[in-house]
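J.: Below is one structure. I have some questions about it.
Taken together, the values in this text are just the output of simple stated rules run on the coordinates, not laboratory data. Just so you know, these numbers come straight off a predicted model, no measurement behind them. Here the Cβ is made from the backbone with ideal geometry for all residues, glycine too, and neighbour counts use every protein chain on show.
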Amino acid sequence: MTKSEISILNKNVSFNPVDKINKIVCIFLCAFVCWPYLSSKVGLLLFILLFGTWLLTTDYKCFVDHLTVDIIMIGCWLVTFFPYIITGNFFYGAYSPRAALLLFFLFICGILITHYYMYYKKDFQMLGKIALFSLSFYAIASLQTYLGLKKYPLASRMLAVGDETIKQNYHGLGIGGFGFVYSSVFIIIPLIYFFSKKTSTNNVWHKVISIIVFVMMLLMLFRASYTIALLFTLVGIFLVFFIRGKKSLIVGVLFAVLFLIFIPGDLIGSFFIHMANLFQENDTIRVKFLDFAQGFLTESTGAQTSYRVQLYLSSFQTFLDNPLFGIYGPFGNQMNAVIGGHSGWLDLMAYYGLFGSLPLFIGIYLILRRQLLFYFNHPYFIYLLIVNILFIVFGFINPTITIYEIGFSIFVIVPTLPFLPYAFLKK
């Protein structure tokens, strides 16, 4: 047999059409989540069909012989809703039961993708392609959103609180909504890794790609004017530049606590006033910063902050009144239940108690712990740790489990970013 024949034979043996389909479908799944314009055009039904195709083309041993505790706990979380569905007591805010269950699944489905490529197959090249294509789609969507919001300044508010018809109209114009903007926060922070850390795998092209995406996302975030998104972004950027290791992170947290305790309130209030003055042309952000300033200057919370706190406390109080199965459970009391609707974790606890929330919390803890252990001795560890902490905090102050873009960014994109250099390797 000649060398050319051997070469052809080796290529035929190594080529796996099912595996090829599996990877192509995975890229389409990334495009759907990361590019609002595309998702608005194709709809959720196609995403579900594609995800089903992806599952059918995976190696089934991954989910049979190599099933991990974190995935089992996430599966148990979805199963806990079956008794509520059977008895007709499955509800979540303004969402229909079908929509809520679908959004819950979309929030966690990315966990299977990372488990398959990162931990089971250890296909670093595919992880690199996921990172590369996801960043590319986010860059395109950020540019579209920035230009769209420049033309329609009120679109960001309408996308946050408007009805579905309005949201779809703006998405059809390429303008990303609440989920896209907030998921960008968790991606823009670890992007700094590529142009702040010198490693053997990161070259100038990786830095160029990351800087371009970083700038586009940052411009989009400022144009969108979501105050909490901007605060989380600025805090995350500050932390990654000033915290260099695990010890410095602990010191930084202690310093922040001592700062809030001992620094005069009027000094902090003055800082927020100066921040508000930087956004004279943006009333949404300016009012929010002034609201924060009032809390420190007058020792009483501003109107917006006070309203938010009341929403969180109402959800927590409802949970305390119905701790086991929530308001829709066998011992639940729906008559006097008040749920704020602004806290992902507290709202879930209020609706379904420990029975319907604890498996999710345990699963997320194990997943984030698994990610951190994977990068424990890697320079990316501190970036990942900061993002995970911000994600947990975010879940207390904003809707989370119905925002599938956030789940995909935390469970898929953020842990695969360091593999970006592998996307350019031939093998």
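J.: So how strong a dipole does segment 113-226 carry about its Cα centre when Lys and Arg Cβ are +1 and Asp and Glu Cβ are -1, to the nearest 20 debye?
T.: Working: 11 positive and 3 negative charges, 70 e Å.
The dipole of segment 113-226 has a size of about 340 debye.
J.: Given a Förster distance of 22 Å, report the FRET efficiency between F241 and K122 from their Cβ-Cβ distance, rounded to the nearest 0.05.
T.: 0.10
J.: Right, another one. For segment 50-161, what is the charge dipole size about the Cα centre, in debye to the nearest 20, if Lys and Arg each add +1 at the Cβ and Asp and Glu each add -1 at the Cβ?
T.: 480
J.: Which pairs in the list K121/K207; K23/K426; K122/K426; K23/K61 are over 20 Å apart, alpha-carbon to alpha-carbon?
T.: K121/K207
J.: Given F47, H115, Y60, which one lies farthest toward the positive end of the charge dipole of segment 1-156, if we put +1 on the Cβ of every Lys and Arg and -1 on the Cβ of every Asp and Glu?
T.: F47
J.: Find how much the distance from D19 to L45 grows on full extension, using 0.36 nm per residue of separation minus their present alpha carbon separation; answer in nm with one decimal.
T.: Contour length minus the Cα-Cα distance gives 7.1 nm.
J.: Okay, moving on. Over what distance in Å are the Cα centres of segment 137-156 and segment 36-105 separated?
T.: After rounding, the separation between the Cα centres reads 29 Å.
J.: Figure the gain on full extension for A160 and L320 (residue separation times 0.36 nm, minus the Cα-Cα span) and round it to one decimal in nm.
T.: Extending this stretch completely gives an extra 54.7 nm.
J.: Between F331 and L425, 0.36 nm times their residue separation minus their Cα-Cα distance comes to what?
T.: 28.1 nm
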